[in-house]
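Just below is one structure, and these are the notes that go with it.
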Amino acid sequence: MTTSERYAQHVLPTYGRFPLVPVRGAGARLWDDAGKSYLDFCMGIAVCSLGHCHPRLVAAVREQAGELMHVSNLYQSPLQAELAEEINEHHVRLPGKIFFSNSGAEANDGLIKSARRFGLKRPQADGTQRYELITFLQSFHGRTLGAMSATGQAKIQEGFDPLLPGFRHLPFNDIAALEASIRPETAAILLEPIQGEGGVIVATPEFVRAVADICKKHDLLLFFDEVQAGFGRSGDAMAWRMIAPEVKPDGISWAKGMGGGVPIGAFWLSDRAVADDGTPLSSLLGPGSHGSTYGGNPLVCAASLAVLKEIREKELAVNAILQEVRIRETVRSWNLPVVTEVRGQGLLIGIALDPAHVPTPEGKTPALVLVNQLMERGLLVPPAGPNAFRLLPPLNVTDAEIDEALAIIHSVLSRLS
């Protein structure tokens, strides 16, 4: 029985999977079950920050697996405390505290719960709890019921009504629409500094600053979803600092690249006071208010520590900026009418397509057509909405690997133009 047959018989069909069976990876390369080599610029959708099977990550996992893989969060894990310190001191660089989860959706659920707990501590004028989160159209925050309700894409939510109440989705980068939409029940604003799944749309500096000002004016929490954009991918440890470095968020969610391939997520809450008695925001989720059986266990924390220290010590965020410049300059030099725009920051890049130049069969999108053609030529990339595809190489990608990928992309796109 083939892998595809086993999937058909035993695995829920929740993904439209490509006909590719990966069996081995090394650096930016992936090999399938037939021995074909691919240049992987998908990287598990921005998960494998150091590429496949990086020696430092592999060594950390092997060593920790032989020591202690899991203990309950009823006890104090030294590696969890060390990882929280690494993130606070070297990546966020603001006073706050961290909860470890298993995924980005769970991390965003934690932010949602934090907003509601804040709305209880800081209620409306009549004493009624505030509970509403404002998010944005084309956002993606995960597929749990809470994170899906926060997501501003109808196709993600279709068929799962009734959704969790307490969310509104506004146009992204529209300051006027946001200013006009604050209600007495609003407690927080959640946004992605770069909308990855929504097409690689970057928040403008003016918009991020306006969001921060509105939060201060109306006593709201400011949350950033950095699940895809964080920890070096956008050119800084924190994506928001590439856009509006003076802004100080109240909460941040992460996952994907922070583990290099192991299932780990986290959310951070600021230590800033949210009450006249000096109560910090980070204290509102006390014992019994939130939890995770596997979150932050010794194995995943050892892996994440190896990844984040490698990113920091080797200054891989700088490489992300340098490679972004090379990608933009090269694609611009092609002057191909099929390419309408190069979007994003660092190594979260979206190449937008003109659908008029992409012959698209019924039931497909231009992005999927291109993704399949690039895969046939040996380059793996994920779509980003219907009319764009993403480049998400490892943060330590080399000039030669970038050049190889761009040559493949040019060979496919030039035929369409």
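Some observations on this one:
- The chain, dipole about Cα centre (Lys/Arg Cβ +1, Asp/Glu Cβ -1), debye to the nearest 20: 260 debye
- With helices as the sole contributors, the chain gives -10500 deg cm²/dmol at 222 nm; each DSSP H run of n ≥ 4 counts as -39500 (n - 2.57), and the sum is divided by every residue.
- Computed lengthening from ASP403 to HIS10, 0.36 nm per intervening residue step minus Cα-Cα distance: 137.5 nm
- Taking the chain and dividing mean pair separation by its residue count, relative contact order in percent (alpha carbons under 8 Å, at least six apart): 21 percent
- Result for the chain in a Gaussian network model with C-alpha springs under 10 Å: among ASP161, ASP236, ASP399, the largest mean-square fluctuation is at ASP161.
- Bridging of LYS248 to lysines at a Cα separation below 18 Å is possible for LYS97, LYS216, LYS217, once same-chain residues fewer than 8 apart are set aside.
- Crossing angle, helix 78-87 versus the chain [Cα axis fit, 0-90 degrees, rounded to tens]: 80 degrees
- In this structure, ARG328 and LEU164 have a Cβ-Cβ separation that, at R0 = 51 Å, corresponds to a calculated FRET efficiency of about 0.85.
- Cα centroid separation, the stretch 94-110 to the stretch 164-242: 17 Å.
- With the charge dipole of the chain set up from +1 on Lys and Arg Cβ and -1 on Asp and Glu Cβ about the Cα centre, the Cα lying farthest toward the positive end among the listed residues SER333, ALA34, LEU145 is that of ALA34.
- Residue of PRO249, PRO359, PRO382 that the Gaussian network model of the chain assigns the largest fluctuation, springs spanning Cα pairs under 10 Å: PRO359
- Summarising the overall dimensions of the stretch 58-313 from its C-alpha atoms, the Rg and Dmax are 17.7, 57 angstrom.
- Partner lysines for LYS314 [C-alpha distance under 24 Å; skip if fewer than 8 residues away on the same chain]: LYS256
- Between the stretch 33-67 and the stretch 343-379, the alpha-carbon center distance in angstrom: 25 Å
- Remark: SER4, SER292 ranked as SER4, SER292, counting other beta-carbon atoms within 10 Å and listing the fewest first.
- For LYS309, a cut-off of 17 angstrom between C-alpha atoms picks up these aspartates and glutamates, skipping any fewer than 8 places away in its own chain: GLU63, GLU82, GLU85, GLU86, GLU89, ASP236.
- Computed from label points 7 Å out along Cα-Cβ, the spacing between VAL58 and ARG209 is 4.8 nm.
- Max mean-square fluctuation residue, GNM over the chain, Cα-Cα springs under 10 Å, options ALA229, ALA150, ALA125: ALA125
Taken together, the values in this text are just the output of simple stated rules run on the coordinates, not laboratory data. All values reported here derive from a predicted model rather than from experimental measurement. Because the Cβ atoms are built from the backbone with ideal geometry, glycine has one as well, and the counts that use them run over all protein chains shown.
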